[in-house]
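One structure is given here, and the rest of the page talks about it.
The values are calculated or read from the model by the stated rules, or taken from the named source; none is laboratory data. All of these numbers come straight from a predicted model, not from anything done at the bench. Heads up, the Cβs are rebuilt from the backbone with ideal geometry, glycines too, and the neighbour counts pull from every protein chain shown.
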Amino acid sequence: MNIADLLKSEGLLLQEIALKGWVRTFRSNRFIALNDGSTINNIQCVIDFENTPEETLKRINTGAAISLKGTLAESQGRGQSLEIQVSEIEILGDSNPDEYPIQPKKHSFEFLRENAHLRMRTNTFSAVMRVRSKLSFAVHQYFQERDFNYVNTPIITGSDAEGAGEMFKVTTFKNNNAPLTEDGKIDYSKDFFGKETNLTVSGQLEAETFAMSLGKAYTFGPTFRAENSNTTRHLAEFWMIEPEVAFMDLDGNMDLAEDFIKYVINYVLDKCKDDLAFLDQRLTQEEKSKPQAERSEMSLLNKLKFVVDNNFKRVSYTEAIDILRNSKPNKKKKFQFPINEWGADLQSEHERYLVEKHFKCPVILFDYPANIKAFYMRLNDDGKTVRAMDVLFPGIGEIVGGSQREERYNVLVEKMKSLDIEEEELWWYLDLRKFGTAVHSGFGLGFERLVQFTTGMGNIRDVIPFPRTPQNAEF
Ligand code: 4AD
Ligand code: MG
């Protein structure tokens with residue numbers, strides 16, 4: 001049996017129970033707090049220490065794996081309603097208390113990151129990882145219930161969908177030993193794939209081929225970006241969910257993103273009550289250690305409910321610029337990047353001002369200037385904005401980026417020319433506009449940013465099992 005089921009089931013009192021798990025604490029030579037990972041809750045196991053060999057008692061250390069049998073009883077002690085009166089105990093795997101890094105005390109997240117292989121044995125990380133798992137199931141359930149096709153797009157590609165040049169190269173050439181062309185450049189025609197390749201930054205371009213054939217598709221896979229940004233919201237390897245839908249315009253895209261996010265958050269509010277209650281408490285404690293002015297006004301659970309219960313505010317980029325230009329921090333020169341004119345790219349300080357200070361709710365910004373967005377977004381009739389949208393969240397900033405796609409062949413070719421994107425590279429993408437083109441749209445949701453929001457974790461490195469960031473690829 002696992003502890004989650006045991007604590008849920010009624011009518012097991014006085015029954016014989018067998019459990020396996022890891023010792024969290026052992027006190028007074030009698031009380032083991034046992035956890036098996038199935039729930040945030042431990043079960044108290046009471047040892048009959050007079051009849052347990054001294055040798056065994058010595059081996060019941062924090063971190064040890066044990067197997068035990070006993071009867072389930074109502075607990076006399078405070079802090080729990082049930083306990084196991086142990087009749088048999090076996091040490092499966094010892095844990096040397098002088099060496100085990102995860103002591104029964106508060107560890108810093110930095111320390112736990114260095115021990116990422118063991119940090120899932122703490123309350124916080126086990127809760128985060130269970131919520132992450134449920135969230136990913138909810139993602140599939142949402143799309144599957146709506147007849148979207150799950151598509152696995154390639155991880156190795158020749159394209160840079162976002163045009164930001166932040167790619168990890170994939171090659172089999174050995175150090176300093178690559179064959180060169182006559183003009184001294186590396187000759188990728190002799191490389192494994194016969195061309196230059198990289199790890200994908202997005203599955204969108206390939207997902208579009210599925211939208212334009214199966215109608216509704218989504219990806220959910222790893223993406224890679226070699227951006228050298230050491231922030232609490234960037235990873236070099238992260239998971240992205242990218243739905244793509246034929247015959248859907250930007251309004252439909254905004255509706256889909258909002259409905260989808262609310263669904264998955266609702267799902268975990270329902271399925272992860274214990275873990276979220278724990279994470280809510282944790283965050284409340286953490287907030288108390290901050291100066292008053294920086295504290296969040298809402299608890300984690302209230303934040304989640306607020307997002308689920310309220311409409312996201314939809315605002316055009318042009319309106320947002322007006323708001324920002326006239327905002328207090330802009331006038332008082334508090335922004336690191338002052339907003340002077342239309343066309344400025346928004347930094348996370350601006351996004352957070354709009355969400356946290358001005359609107360105080362999630363915001364969808366749309367119709368951005370064409371020249372700060374990717375090549376594939378549909379040009380508006382004004383000739384200067386594109387049908388882009390970003391969903392901005394409190395504490396996170398951008399959680400979703402998406403757009404209606406440019407479906408007009410000539411307009412797309414012109415755009416690619418102006419950005420020096422070679423037609424030969426994306427001939428197949430252009431074919432979608434040549435044969436049976438249609439309005440279509442989609443977006444990308446950064447899965448880790450969603451997990452961050454849902455669990456209230458401040459650093460994105462703490463919501464993925466083994467983070468990849470600049471200078472760090474341990475484990
Ligand atoms: O806004 P982005 O770059 O959009 C795309 O890649 C589009 N092709 C998506 C589409 O329309 N199908 O990235 C989408 C989201 C961002 O909003 C953010 O949540 C997340 O991916 N993201 C990152 N998450 C973690 N670490 C990084 N380095 C990220 N870069 C983007
Ligand atoms: Mg973006």
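For the range 431-442, the criterion of being of a type in the set (Val, Ile, Thr) and within 16 Å of ligand 2 (Cβ to nearest atom) is satisfied by no residue at all. The single condition among (1) away from ligand 1 (no atom under 12 Å from the Cβ); (2) part of a loop (DSSP other than H, G, I, E, B) that residue 374 does not meet is (1).
Of the residues making up the range 108-117, those that are surrounded by fewer than 17 Cβ atoms within 10 Å (Cβ to Cβ) and touching a helix residue (DSSP H, G or I) at 6+ places or on another chain (Cβ under 8 Å) number 1. Taking the conditions (1) within 26 Å of residue 434 (Cβ to Cβ); (2) surrounded by fewer than 18 Cβ atoms within 10 Å (Cβ to Cβ); (3) not hydroxyl-bearing (Ser, Thr, Tyr) in turn, residue 201 satisfies each one other than (2). Test residue 193 against the stated conditions and say whether it is within 20 Å of the chain's Cα centre (by Cα), more than 16 Å from ligand 2 (Cβ to nearest atom) and not assigned by TED's automatic domain parsing to the domain that holds residue 301. In short, no. Of everything listed in (1) assigned to a strand (DSSP E or B); (2) farther than 30 Å from residue 457 by Cα; (3) not acidic (Asp, Glu), the single unmet condition for residue 76 is (1).
Scanning the range 127-173 for residues that are among the aliphatic types (A, V, I, L, M) and away from ligand 1 (no atom under 13 Å from the Cβ) yields 127, 128, 129, 131, 135, 138, 139, 155, 156, 170.
Restricting attention to the range 195-232 and to residues that are of a type in the set (Ser, Thr, Tyr) and part of a helix (DSSP H, G or I), the residue that is farthest from residue 469 (Cα to Cα) turns out to be 213.
Entry remark, the range 389-418: residues being away from ligand 2 (no atom under 16 Å from the Cβ) and under 31 Å from the mean Cα position of the chain (by Cα) number 4 in total.
Within the range 443-475, being within 16 Å of ligand 2 (Cβ to nearest atom) and not in a helix (DSSP H, G or I) holds for 443, 444, 445, 446. Taken together, the residues in the range 9-49 that are surrounded by 15 or more Cβ atoms within 10 Å (Cβ to Cβ), in a loop (DSSP other than H, G, I, E, B), among the hydrophobic types (A, V, I, L, M, F, W, C) and over 29 Å from the mean Cα position of the chain (by Cα) amount to 2.
Across the range 263-278, what is the total count of residues that are outside any helix (DSSP H, G or I) and within 16 Å of the chain's Cα centre (by Cα)? Write out each step before concluding.
Restricting attention to the range 263-278, the residues satisfying the condition of being outside any helix (DSSP H, G or I) are 272.
After this cut, where a residue has to be within 16 Å of the chain's Cα centre (by Cα) as well, the list is none.
The number of residues fulfilling the criteria is 0.
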